[in-house]
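Novice: Quick one: the structure is below, questions incoming.
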Amino acid sequence: MFLKNAWYVAAMPDELADKPLGRTICGEKMVFYRGAGGKVAAVEDFCPHRGAPLSLGYVEDGKLVCGYHGLAMGCEGKALEMPGQRVNGFPAIKSYAVEERYGFIWVWPGDKAKADPATIHHLEWAVNPEWAYGGGLYHINCDYRLMIDNLMDLTHETYVHAGSIGQKEIDEAPVSTRLEGDHVITSRFMENIKAPPFWQMALRMNDLAPDVAVDRWQICHFHPPSHVLIEVGVAHAGHGGYQAPEAVKASSIVVDFITPETETSHWYFWGMARHFKPGDAELTAKIREGQGKIFNEDREMLEQQQQNLLRWPERALLKLNIDAGGVQSRRIIERLLAAQAA
Ligand code: FES
Ligand SMILES: [Fe+2]
């Protein structure tokens, strides 16, 4: 079961630059394409003629044309024309609410009448020129909630990411979790420590000494249905850490849009928005490469964890205090799912 009446990141614009994109989201098989005037549209990936996937077709004059026998569809899922045939009476296929914003294509897999683009979270980093963004997309074979658990508890960095962002002080620093309505916040602050390799690189690229003591922070924010944004950074020690002036720190937001595909797979839109050197394209590429490697380490752990959970479904799992962020986030999802079912 998925929360269907919610906005999810469905794709990055370049994925549908020259052809329709077929993608399953929350169990719904969809096809995304640019219709009239370049506006993004999404309909069921099912041709009403003989059931061929419309994603194997092409776009012509803003219409999605089936690649099997040439039926042309409109953005609302209505059959428009077909060479030599009368198709106006064909039943319409399902269409979805879509919105292009902040450099992503968003979709509302549920009731189209309830979709209000104004409820897409405001993302300041995506519109403010003081910020730069770089990111990518991974298809991951595990329940999207395992990824939420992973990101709402960064203790794993010490072990999974030992060579880049992990360090033993993460384990040693206490973590605190609080709720503000449906927003879960898990934070951890480390003082007077050595920056791990990834953050030394970031300090150096921001013209700051990389090898002096730093204060480090991680503040994870979960918002339904499945978005996790993590404020991260380091500042030269003794200047206020998270509150330190820009001149002595390197700070970013780790961006994680986690879009369910099936019960055991999801689309993971990952990236980093940074608040230093926004014009430095080389730095954007370097961070993106580093982050891509780090998230690949998570992928291996999570996919094999999923296999274990499928093999031993009856085994109870333990909850420690470090798991509070994930537990609270799952509770919110459960409550919203129950409301949706009612
Ligand atoms: S299956 Fe699409 S036109 Fe025939
Ligand atoms: Fe990780």
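Novice: It is to be established whether one or more residues within segment 94-102 are touching a helix residue (DSSP H, G or I) at 6+ places or on another chain (Cβ under 6 Å), in a loop (DSSP other than H, G, I, E, B) and on the phi > 0 side of the Ramachandran plot.
Specialist: yes
Novice: While we're on this one: Could you tell me which residue of segment 18-66 is farthest from ligand 2 (Cβ to nearest atom), considering only residues that are more than 17 Å from residue 79 (Cβ to Cβ) and basic (Lys, Arg)?
Specialist: 39
Novice: If you don't mind, there's one more thing I want to ask. Take residue 289 and decide whether it is at negative phi, surrounded by fewer than 16 Cβ atoms within 10 Å (Cβ to Cβ) and within 20 Å of the chain's Cα centre (by Cα).
Specialist: Criteria met by residue 289.
Novice: Considering each of 276, 269 in turn, give the residue that is over 20 Å from the mean Cα position of the chain (by Cα), in the same structural domain as residue 149 (by TED's automatic domain parsing) and buried (at least 20 other Cβ atoms within 10 Å of the Cβ).
Specialist: 276
Novice: While we're on this one: Between residues in segment 50-78 that are in the same structural domain as residue 92 (by TED's automatic domain parsing) and among the aromatic types (Phe, Trp, Tyr) and residues that are outside any loop (DSSP other than H, G, I, E, B) and near ligand 1 (Cβ under 9 Å from one of its atoms), which pairs lie under 7 Å by C-beta distance while being six or more apart or on different chains?
Specialist: Partner pairs satisfying both residue conditions: 58/65.
Novice: Name every residue in segment 22-57 that is within 22 Å of residue 264 (Cβ to Cβ) and among the aliphatic types (A, V, I, L, M), in order of residue number.
Specialist: Within segment 22-57, 25, 30 qualify.
Novice: Here's another thing I want to ask about it. When the residues of segment 67-81 are filtered to those that are part of a strand (DSSP E or B) and buried (at least 18 other Cβ atoms within 10 Å of the Cβ), which remaining residue is nearest to ligand 2 (Cβ to nearest atom)?
Specialist: Taking segment 67-81 as the starting set, the residues that turn out to be part of a strand (DSSP E or B) are 72-73, 79-81.
After this cut, where a residue has to be buried (at least 18 other Cβ atoms within 10 Å of the Cβ) as well, the list is 72-73, 79.
Values: 72: 45, 73: 41, 79: 46 Å.
Here the answer is 73.
Novice: Any idea which of (1) under 25 Å from residue 26 (Cβ atoms); (2) in a loop (DSSP other than H, G, I, E, B); (3) away from ligand 2 (no atom under 16 Å from the Cβ) is the one residue 139 doesn't satisfy?
Specialist: Failed condition: (2).
Novice: Let me ask another. In segment 177-201, how many residues are in contact with a Pro (Cβ under 7 Å, 6 or more places away or on another chain) and touching a residue at least 40 places away in the same chain (Cβ under 8 Å)?
Specialist: Final tally of qualifying residues: 1.
The values are calculated or read from the model by the stated rules, or taken from the named source; none is laboratory data. Keep in mind it's a predicted model, so treat the numbers as computed, not measured. Because the Cβ atoms are built from the backbone with ideal geometry, glycine has one as well, and the counts that use them run over all protein chains shown.
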